[in-house]
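Taken together, the values in this text are just the output of simple stated rules run on the coordinates, not laboratory data. Computed from a prediction, not measured in an experiment: that's the story for all the values here. Because the Cβ atoms are built from the backbone with ideal geometry, glycine has one as well, and the counts that use them run over all protein chains shown.
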Amino acid sequence: MAVTAEDIKKLREMTGAGMMVCKEALHHTGGNVPQAIEYLRKKGMATAEKKAGRATCDGLVDITISPAGKSAAMVEINCETDFVAKTDQFKQLAKDLSTWALGQGTETLAAADLPQDKVEQIKQTIAKIGENVQFKRGIKLTGSLIEGYTHLGSKLGVLVELEGPDKPELKALGRELAMQVAASSPVVVARSDVKPEMVEKEKEIYREQLRGSGKPEQVIEKILTGKLDKYYSEICLLEQAFIRDPQKNVGAMIKEQAAKLGGPVTVKRFVRFRLGE
């Protein structure tokens, strides 16, 4: 497969690596971008998914939470420009669609699930604003307590499901955790949630980086353990440094709050929508 200048530019934007090494990686992998990213990581020339998933369109992420906090819905609505995304009409459309999503019986929602009245509302919005508008995705969570947070001018949204003592402070903790997820982009809640194949892939990359170092095998294994611990601290919510106090991790912060609440607190799951991802 021929490698184009556009392919090289795309890989450079995603990894931060130089033009020539991006070209080399693409030639080595036959133009396969995911494999090229892994190739660069093994060479120590890229970080995992750096700049991947950058927003490719405009719009809003909107959240509606039920009064009791037992359920919540989040939707992503796309348009063509930030100017339109900031209009009252587009904001109202996003709110109407997240309110509709809250009333649905299914968890994952797509454009095909929209009722005719919502389809017509979108068409009317398109006619008035002169831009294409799309319902990209939606989700509804139900549980003991669902809390949400939107950030970056509603370009990023998070829902977090918690279990714990039925006290107002639990809701405040939920918002703190939603802000943590927004800021630090964890992949899973806990280390036990990481898929074995993800761990093996990381080990393979680290081993490739260490090959030729001349270090004894037992030393390499200790280094791998340290690198994996760092990996977990980046992708696992409970092991991330708490954004308000980096001297402790999120798991320790939750234990402190649980002691004040008088009972255990469990983070069941979270969902993070970033515009365009």
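The mean sequence distance of close C-alpha pairs (under 8 Å, at least 6 residues apart), as a share of the length of the chain, puts its relative contact order at 19 percent. Shown is the FRET efficiency for residue 163 and residue 187, computed with R0 = 25 Å from the Cβ-Cβ distance and rounded to the nearest 0.05: 0.75.
Here each label is just a point 7 Å from Cα along the line to Cβ, and for residue 266 and residue 120 those points are 4.5 nm apart.
Per-residue Karplus couplings for the stretch 234-239, computed as 6.51 cos²θ - 1.76 cosθ + 1.60 with θ equal to phi - 60°, are listed in order as 8, 9, 9, 3, 5, 9 Hz, Gly and Pro entered as x. Computed from phi, the 3J(HN,Hα) profile of the stretch 202-214 under the Karplus parametrisation 6.51, -1.76, 1.60 (θ = phi - 60°) reads 5, 4, 4, 5, 5, 4, 4, 5, 8, 4, x, 6, x Hz, with x in place of Gly and Pro. For the stretch 81-93, putting each phi into the Karplus relation 6.51 cos²θ - 1.76 cosθ + 1.60 with θ = phi - 60° gives couplings of 9, 5, 4, 5, 4, 8, 6, 4, 5, 5, 4, 5, 4 Hz, in residue order, rounded to whole numbers and with x for Gly and Pro. Dipole magnitude for the stretch 195-235: about 120 debye, using +1 per Lys or Arg Cβ and -1 per Asp or Glu Cβ, origin at the Cα centre. Amide H to amide H, with H built 1.01 Å from N, residue 269 comes under 5 Å of 161, counting only residues 5 or more places away or on other chains.
Which pairs in the list 195/215; 9/227; 167/201; 9/201; 128/268; 91/171 are over 31 Å apart, alpha-carbon to alpha-carbon?
167/201; 128/268
Extending 7 Å from the Cα toward the beta-carbon at both residue 224 and residue 80 defines two label points whose distance is 5.3 nm.
Determine the gain in length on full extension of the stretch residue 57-residue 255; use 0.36 nm per residue of separation and subtract their C-alpha separation, reporting nm with one decimal.
Working: separation 198, 0.36 × 198 = 71.28 nm, distance 3.95 nm.
Taking residue 57 through residue 255 to full extension adds about 67.3 nm, to one decimal.
Quick one: if the Förster radius is 51 Å, what FRET efficiency do residue 241 and residue 95 give, using the C-beta to C-beta distance and rounding to 0.05? Before the final figure, lay out the partial values.
Working: r = 34 Å, r/R0 = 0.67.
Calculated value: 0.90.
Look at where the Cα atoms of the stretch 222-277 and of the stretch 113-165 average out, and the two centres are 26 Å apart. In straight-distance terms, cross-link reach from residue 222 covers every one of the lysines whose alpha-carbon lies under 16 Å from its own, apart from those fewer than eight places away in the same chain; here that gives 203, 230.
The stretch between residue 68 and residue 106, if pulled fully straight at 0.36 nm per residue, gains 11.8 nm over its current Cα-Cα span.
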